[in-house]
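Every number here is computed from the coordinates shown, using simple stated rules; none is lab data. This is a predicted model, so every value here is computed, not measured. Glycine gets a Cβ as well: all are built from the backbone with ideal geometry, and neighbour counts include every protein chain shown.
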Amino acid sequence: MSKTNCWEFRKCGRAPGGERAKEVGICPATTEARLNGIHGGTNGGRSCWAVAGTFCFGEPQGTFANKLNNCMDCGFFWLVYEEEEDFVPSVGAMLIGS
């Protein structure tokens with residue numbers, strides 16, 4: 001069973017080929033291969049909070065340390081939390097955008 005990635009949940013259109021990708025750019029979570037498979041996601045799709053430069057609530061976000069509070073207001077963060085037995089919010093934070 002395929003798990004939902006952040007860009008599918010948020011319907012942001014920022015995946016490669018998405019309807020908003022040319023306008024606002026491709027989301028770095030969609031291409032962050034170092035996080036591929038984490039929490040069953042594609043690239044950074046289920047650990048987007050650990051990827052610098054993702055859009056949250058329409059605004060580009062900074063590093064993990066700067067954006068985690070915003071991420072905790074996101075329904076997708078809590079979806080992953082509920083679905084994953086081994087959920088670790090800081091996954092990859094030391095590698096991605098630090």
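Estimated at 0.36 nm per residue, the fully extended path between Trp78 and Glu23 surpasses their Cα-Cα distance by 17.0 nm.
Exposed loop sites here are trypsin sites (Lys or Arg not before Pro) in DSSP loop states with at most 16 other C-beta atoms within 10 Å. What is the longest stretch of the chain lacking them?
Details: sites that count: Lys3, Lys11, Arg20.
The reported range is 21-98.
Ranked by Cβ crowding within 10 angstrom, fewest neighbours first, how are Phe9, Phe55 ordered?
Working: Phe9 17, Phe55 20.
Fewest-to-most Cβ neighbours within 10 Å comes out as Phe9, Phe55.
Annotation: aspartates and glutamates with alpha-carbon distance below 19 angstrom to Lys22 (same-chain offsets under eight excluded): Glu8, Glu32, Glu59.
Potential lengthening of the chain between Ala33 and Thr4 amounts to 8.8 nm, from the contour at 0.36 nm per residue minus the alpha-carbon distance. Kirkwood radius for the chain, taken over all pairs of different Cα atoms as the inverse mean of 1/r, rounds to 13.1 Å.
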